[in-house]
Structures are given as C-alpha cells and as structure tokens.
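**Q** Dumping the structure here so I can ask a few things about it.
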Amino acid sequence: MPDWIRPPSGDGPKVIIHSTTDLRGDAQSPGDPGAYVEARSVYLARPGDLVVGRGAAFREALAFHGARGLEVPRRHYHLSHDLLTARPPTLLGWSRFSVYALDDPTITLLRWILDRSGLPYLEVDANPQDLLATWSDKTLLHPHVDDTADAATERDHAPVLRDHGVEVPVLPGYAVHDRAGLRRAARLLRERHGVTRGCLKPAQGSGGYGIRPGLDLTGDMSVPVNGPHVLEAHLDYLAAPSAHLGAEGATLQLMRGTACAGNVLVDADRHPGLTRAQYAAIGEVMARLPGELVTMGVDFGVGRLDGRAGGRVVLAVQDLNPTPTAAALTRAHALRHNARYAATRVLVPEGGLADLARYGEPIAAVPGKWGMIAATGDSPEEAVRAVMTGGRPRPRTTRAE
C-alpha cells in the first residue's frame, strides 16, 4: 500500500467509486458487472457522500434513491479508465474514498487527486493491490497438483497456509492449469480421498460463473481447462453462508444452482440451516485472516462429503472476495430500515427500477441483465419469504451476483 493511502479512521462523507477491475476478470463475467456494480453502489451512499458512475442504470438509481452523484461518459469498460480520461475537478478536495479495487488505474487517479488537492494522504477502504490479486484467487486454498508428492503433507503446500500462515477448513482439492493436471488431480482425489465426484471452478470469477459441479472423476476428464482452476471434491450443499470483515453476524446465500440469487442476514440467535457449532466456526475462520486485509468476504459451503468422509456434514471455505460484495447491499437495506434481518434477491428485470418495484423494494436495475430487490422481516425466514414472493409474480432470475 502506498504510504499516502491509509485505511479509514472513522465515518464521514466519502466518494464512492465502484469500478470493476481486470484483477478479478470482471469483464468476462455475465450480466455486465461494469454496469450493475456502478448502479448498485448508489444504494450504499449515506447523506453527504458522492457516488461516481456512468450510464442510464446509474442515473436512474441516483434519481430513485435521491443520492448525490457524478456521472462521466462511458467510453471504456471500466469506470476507472474513464475517470483517468475525464479527471473531473469535482473529485478534488475529497479525502475519503470507497473504491471497489485498488488496481493501477484507480491508484493513478487517487494520486492525481492527492497531488492536485494538496492533501498529505487519502483514506481508502480497499485492500492493497498485492493482497487483492492474491486473495481473489481460489488456487490460494489448495496445493498445486504438482506439489503433492507426499499425501500426508499435501495440505501444507496450499498457499493460504504455506505463504500466509492461515489455516482454514477446505474440501479435498488441487490447483490445476491444464488438462494433464486435471487428470492427475482427479486420480489423487480418487486414490487419496476416495472421492468419485468433483467440482471444477475457475480460479477467478464471481456469481458461480464457469463452475462445473458433479464431474465423474472415474471418466477420462475430457473437460477443457484453459488457465488456473481448482478441482475439488463435490459437496452436496445444505447451506452456503458467508461472512465479511468488520460486519456483525453472517449471511446465507440464496442459491440457484451454482449461482448466488440473493442473501439473507443471520446472527448468533437466528441462523437457519447452520448448527451453533458451524456458526461459531465461521467466526473463528474470520478471526484468523491477516490483519492487513481491509475488506474481505469469505464464502463457505456446508454439506455432505462422500469418499473417506463417509457422507458426514462438513463446513469448508469455498471462495474469497477481497472486493465489495452483494451482501453489503443486504446490510445497507437493514440499516436503512433499522431492521435486524433483511434479504435481497437478484433478478433480470425487463425494465428499470419501476419494473422492479412491482416485486419488492428496488435497489438497482440494468434492464434485461441484472436487478436487485430487498425486504426485511422479524426473522431470516420471514425476510426471505418477503423478498421471494411478496404476493407478486416472480420474474426470471439471473446468474450474475
């Protein structure tokens, strides 16, 4: 982290710049994250904040939620690139920023703001670039298939433990880069762990994009592998909780296949689908994360694991999200309504926010691609019922988080 960038020291008005980034492969994900990440960021604004974005969906969200905004023309995929071109003077003088990712374009923009404003430093609630790149990659959780000569010590070669000293519960699995590595990983899962079904995941990506569950590990594994992936034991899911640094409680993902279709807040008193021990274990994992991380969301899986595990129920870390996630919107909705429990749901609206309002309280909408609604309840179950039905027809869902 440059010495002129510091973590936030407290609350106060800030500039929100949620630009997608090449460091996470956002441009390859479905649903146009470049549009919906900017549009949904408006909902995170508090009085006094300035939200920066582009396009009709962003503009509509500003008007609908009554937020203060700065719109720039969209000429590139990433907002940060357009801001480097426009260099709007409105950003000068601000000292606090909420950014999606501290990649090179965003750092260059912030340095320009610092120099032109004459400030000694800026406060930014984002992870340093090196941590962002490292902790965005699922291969952090598993040993590479070429580093597994000794079955007894293969877990020691997982980068999360070897390089960072962080021990987290994971499924049996291996990092692979090509089809030969995939076939070797399948053989090791069969021979060492007694697993016959696997799940292949791209090393980067969000919203369940590119995940292939239920692979037959006894076959020839003629699955195309281009670049870093992980092959894990298949998990028969019972629940998909998540937790986030600096946030109380946890969330449960509302899943549709491999895609997240929403979130619901849970806490120590009400956590349906999780035992008391599982809920406590999630908190223990979050407490082990490195102190230099500014933000982090961790996705877990709870389910039955076959093979040598004999079908027992396990809890395992599934994904790492060092950038703002959709769960922040669920928490923002609860805060707006002074509610203990809230739920959000991802949809594909035909129109804009007025169309989404037929189904629930709208957060943001990119017509034909992505939308989100929210509801509260006196319990997690009630919040989910409210956001899933609301007594109204259900529009179709999307794969994008």
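**Q** For the chain, modelled as a GNM with alpha-carbon contacts under 10 angstrom, which of P202, P290, P224 fluctuates the most?
**A** The residue with the greatest mean-square fluctuation here is P224.
**Q** For the stretch 167-299, which whole percent of the accessible surface, found with a 1.4 angstrom probe, sits on carbon and sulfur atoms?
**A** That fraction is 49 percent.
**Q** Could you grab the relative contact order for the chain? Cα pairs under 8 Å, six or more apart, rounded to a whole percent.
**A** Relative contact order for the chain comes out at 15 percent.
**Q** Further question: May I ask you to give the average projected area over all directions of the convex hull of the Cα atoms of the stretch 293-338, in nm² rounded to one decimal?
**A** Projected over every direction and averaged, the Cα hull of the stretch 293-338 covers 4.8 nm².
**Q** Need the full-extension length gain, R111 to E71, defined as separation in residues times 0.36 nm minus the C-alpha distance. One decimal, nm.
**A** Contour length minus the Cα-Cα distance gives 12.4 nm.
**Q** Further question on the same structure: I need the Kirkwood Rh of the stretch 96-167: take the reciprocal of the average 1/r across all distinct C-alpha pairs and report it in angstrom.
**A** Here the Kirkwood hydrodynamic radius works out to 14.7 Å.
**Q** Go ahead and estimate [θ] at 222 nm for the chain from helices alone: -39,500 (n - 2.57) per DSSP H run with n ≥ 4, summed, over the residue count, rounded to 500.
**A** The helix-only estimate for the chain comes to -7500 deg cm²/dmol at 222 nm.
**Q** Here's another thing I want to ask about it. Mind ranking 321-334, 142-155, 74-87 by how tightly packed they are, going by the mean number of other C-beta atoms within 10 angstrom, highest first?
**A** Final packing ranking: 321-334, 74-87, 142-155.
**Q** Translational D (Stokes-Einstein, µm²/s) of the stretch 323-364 at 4 °C and 1.567 mPa s when Rh comes from the Kirkwood sum over C-alpha pairs?
**A** The estimated diffusion coefficient comes to 115 µm²/s.
**Q** Over the chain, with a Gaussian network built from C-alpha contacts below 10 Å, which listed residue (F64, F300, F97) shows the highest mean-square fluctuation?
**A** The residue with the greatest mean-square fluctuation here is F64.
**Q** In addition: Counting only heavy atoms of protein chains, what accessible area per residue, in Å², does the chain have with a probe of 1.4 Å?
**A** 41
**Q** Same structure again: Please give the per residue volume of the convex hull enclosing the alpha carbon atoms of the stretch 168-249, rounded to a whole number of Å³.
**A** 113
**Q** Let me check I've understood the local charge: for L122, count other residues with C-beta under 13 angstrom from its C-beta, Lys and Arg +1, Asp and Glu -1. What total comes out?
**A** +1
**Q** Most fluctuating residue of V384, V51, V294 in a GNM of the chain with Cα springs under 10 Å: which is it?
**A** Largest GNM mean-square fluctuation: V294.
**Q** Quote the relative contact order of the stretch 97-150 in percent (integer), defining contacts as alpha-carbon pairs under 8 Å separated by 6+ residues.
**A** Relative contact order comes out at 43 percent.
**Q** Can I ask one more? Excluding residues fewer than 8 places away in the same chain, name every one of the aspartates and glutamates whose C-alpha is closer than 17 Å to that of K201.
**A** Within reach: D26, D137, D178, D216, E232, D236, D299, D319, E401.
The values are calculated or read from the model by the stated rules, or taken from the named source; none is laboratory data. Just so you know, these numbers come straight off a predicted model, no measurement behind them. Cβ: placed from backbone, ideal geometry, glycine included. Neighbour counts: every protein chain shown. Each accessible area value is taken on the protein alone, full model and side chains, heavy atoms only, with ligands, DNA and RNA left out. Shrake-Rupley method; radii C 1.70, N 1.55, O 1.52, S 1.80 Å.
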